[in-house]
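What follows draws every value from the coordinates through simple rules; no lab data is involved. Predicted model, so just to flag it, every value in this text is computed and none were measured. In this analysis, Cβ positions are derived from the backbone assuming ideal geometry, glycine residues included, and neighbour counts consider all displayed protein chains.
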Amino acid sequence: MTHRSVAKKKIVAAVAGVSALSMLLAGCGGSGDSAQMENGKPVVTIMVQQNTAQIDVAKMKWAQDLEKESGAVIKWQRVDDNAWTQQKNASLTGGDVTDLSIRAYHPEDAAQYPLFENLADDMDSLPNVAKFFKEKPLAKKMVEIDGQINVLPSSRGKSFQASGQHMLINKVWLDKLGLEVPKTWDELTKVLEAFKTQDPNGNGKQDEIPMNVRALGTGSLGNWWSMFLLINGAGVVTSFNAGPSGQGIAVKDGKVYSWATSDQFKQVVEYYHELFQKGLIPKDALTKDDSKYQAELKSDGETALTGVAFGWDGTQFGVIGSKLNKEYITIPVPAAPGVSQDETVWDASGDYNEYEDYHMAMKKDLPEETKKAALKIINLLYSEKYSVEQLYGSIPDYTTDDGNHTYTIKKQFFNEADNGKAPALQDRLAGWIPDNVKFNGAQDADAIQAADAPYKEQYSHLDQTKDKMPVYVRQNTEDTNTFSNNNAQIWNYGIPVVSKWILNGGVDQQWDEYVKQVNNLGMKQNVELWQKAYDAAVK
Ligand code: MG
């Protein structure tokens, strides 16, 4: 039961001639119900899925301003990430959803459970959302299913357009040994050998880990900061932030294929076998516990241990400003043998960082006055002002409006965020930062842009629609289930095989059998299903 229905019971019981029981049996918030009012204002309940390191949304100044400006009484409900994972299914199967929900339900959830308003009919009341969709057609495509829009997307703006995947190298070590950033796999091998044998951390011990990699998962071949990001150096575009890329799906010139059965993948596996054999990557890396791996990257905070690794940015090695953080730089991925620099590409996950598809849902069939107030609230949230405040905190307390769509984020915002008390919704915003907005002092956005900048040239070698699965390509429920079942079969077989090749070799002899098996276990069908979805979404 929501607060709303409990409160409503009390109101109903007080109204002569209406049976509280019949009202209760009719369910919560059905059409024709009268709106719940307080002091003559409609009450709107908003659930927000928050990060545990944020203060309650109700305590944020902008949320109080929003309530005043909307003319409604807003009842905020905070649900933390982990709790929401537990509660989400029950809320859908029980039909127990709040008037508005922020970062709670995906378009697929809404397609499966018809609990949400089709906002495509309400665009007249949502001019800010309509403008968002007009300027960013991709955002609309992300949430539109069969002409219905049950969930609105968010955009943190172009300053977050960047992959979360990067290749990092210890620049202090390179400089100390008089080495250049490696541009090919052969050069990378030579650099790693120097890291191994020439004591670049200067402690007199051969304790360096020339290159470190995250363990192979069990559920997919490519995940966040996967060792297989190296395949971009062979010309295969990954997108490991999200989407089907981690399951081996890739696109080239509009044609879907499997990188997991490609010659380029075989080449990557052979190369990693060479690096393991030469002792340039720790023998136990493929199965190492992730917390142990992360601890190795951070070392003791003084003496770096790792030469090369994939990660977000230097924060993988130490907090911003720390000694180790400053030792690392991101570098373009080196080219595989026989691949020219012009053919190398990089992980095209940028849209996943900028946009998310599940940031605002409205309960279906709200009483008229409640619906009117809820639409007004949504439209305000998607205005420039409230979008900025949701992302970086209230104006002028944490962010100043300098005019001409320019804002400065105060240091205090990041101080409070670093102390686990972020005074904003940050990436959870139900809003949109337009392209003409400029931020000063946005250290999070600045850091990810800096990490991504060395890949500009490699990004120019790929087409964001034809050479990757665009974020808005989606499968129906049936195909999603088929894809997921196939993947369980494929990786249950495939990952131990790939792991064995990397450690012990033998890829040449067993490759054809592997390709045959992976295709039979469902990869062939997966490619067909994603081609169908791609063709339907990309006109
Ligand atoms: Mg040493």
Which residue out of Glu117, Glu144, Glu69, Glu108 is among the acidic types (Asp, Glu), closer than 30 Å to Asn419 by Cβ and in contact (Cβ under 8 Å) with a residue 24 or more places away in the chain? Glu69
Over region 138-167, the set of residues under 15 Å from Gly233 (Cβ atoms) and of a type in the set (A, V, I, L, M, F, W, C) is Met167
I'm trying to understand the selection: among the residues of region 179-192, which are surrounded by 15 or more Cβ atoms within 10 Å (Cβ to Cβ) and under 15 Å from Leu275 (Cβ atoms)? Pro182, Thr184, Trp185, Glu187, Leu188, Thr189, Val191, Leu192
What number of residues in region 395-407 are out of contact with any Pro (no Cβ under 7 Å at 6 or more places or on another chain) and crowded, with 19+ Cβ neighbours inside 10 Å? 2
Which residue pairs have Cβ atoms closer than 9 Å, lie 6 or more positions apart in sequence or on different chains, and pair a first residue in region 235-259 that is farther than 10 Å from Lys468 by Cβ with a second residue that is acidic (Asp, Glu) and in a loop (DSSP other than H, G, I, E, B)? Phe240/Asp347; Asn241/Asp347; Asp253/Asp463; Asp253/Asp467; Gly254/Asp463; Gly254/Asp467
Quick check on region 124-149: of everything there that is in a strand (DSSP E or B) and of a type in the set (Val, Ile, Thr), which residue is nearest to Asn436 (Cα to Cα)? Ile149
Sole exception among (1) more than 23 Å from Glu384 (Cα to Cα); (2) away from the ligand (no atom under 16 Å from the Cβ); (3) free of Cβ contacts under 8 Å to residues at least 24 places away in the same chain for Met123, by number: (1)
Could you tell me whether any residue of region 236-249 is among the hydrophobic types (A, V, I, L, M, F, W, C) and within 16 Å of the ligand (Cβ to nearest atom)? no
Given the conditions (1) more than 14 Å from the ligand (Cβ to nearest atom); (2) under 34 Å from the mean Cα position of the chain (by Cα), every one holds for Glu193 apart from (2)
List the pairs whose first member sits in region 200-225 and is under 19 Å from Leu188 (Cβ atoms) and among the aliphatic types (A, V, I, L, M), whose second member is in a loop (DSSP other than H, G, I, E, B) and near the ligand (Cβ under 7 Å from one of its atoms), and whose Cβ atoms are under 6 Å apart, counting only residues at least 6 apart or on separate chains? none
Of those in region 308-341 that are closer than 13 Å to Ala234 by Cβ and in contact (Cβ under 8 Å) with a residue 40 or more places away in the chain, the residue surrounded by the most Cβ atoms within 10 Å (Cβ to Cβ) is Val333
So, in region 275-297, how many residues would count as being charged (D, E, K, R) and within 16 Å of the ligand (Cβ to nearest atom)? 1
What is the residue count in region 488-539 for residues that are farther than 17 Å from Gln264 by Cα and among the hydroxyl-bearing types (Ser, Thr, Tyr)? 2
Among the residues of region 206-222, is there at least one that is surrounded by fewer than 21 Cβ atoms within 10 Å (Cβ to Cβ), farther than 30 Å from Tyr407 by Cβ, away from the ligand (no atom under 16 Å from the Cβ) and among the hydroxyl-bearing types (Ser, Thr, Tyr)? yes
More than 16 Å from the ligand (Cβ to nearest atom), of a type in the set (Val, Ile, Thr) and within 30 Å of Ala442 (Cα to Cα): is that true of Val172 in this structure? no
Scanning region 424-447 residue by residue, those without any contact (Cβ under 8 Å) to a residue 60 or more places away in the chain and either surrounded by 16 or more Cβ atoms within 10 Å (Cβ to Cβ) or in a strand (DSSP E or B) (or both) turn out to be Lys438, Asn440, Gly441, Asp444
Scan of region 289-307 for residues that are over 23 Å from Thr330 (Cβ atoms) and surrounded by 13 or more Cβ atoms within 10 Å (Cβ to Cβ), ordered by number: none
Residues of region 289-301 classified as charged (D, E, K, R), in contact (Cβ under 8 Å) with a residue 12 or more places away in the chain and more than 22 Å from Ala447 (Cα to Cα), total: 3
Can you name every one of the strands (runs of 3 or more DSSP E) wholly within region 150-263 that holds 2 or more residues which are within 30 Å of Ala361 (Cα to Cα)? 151-155
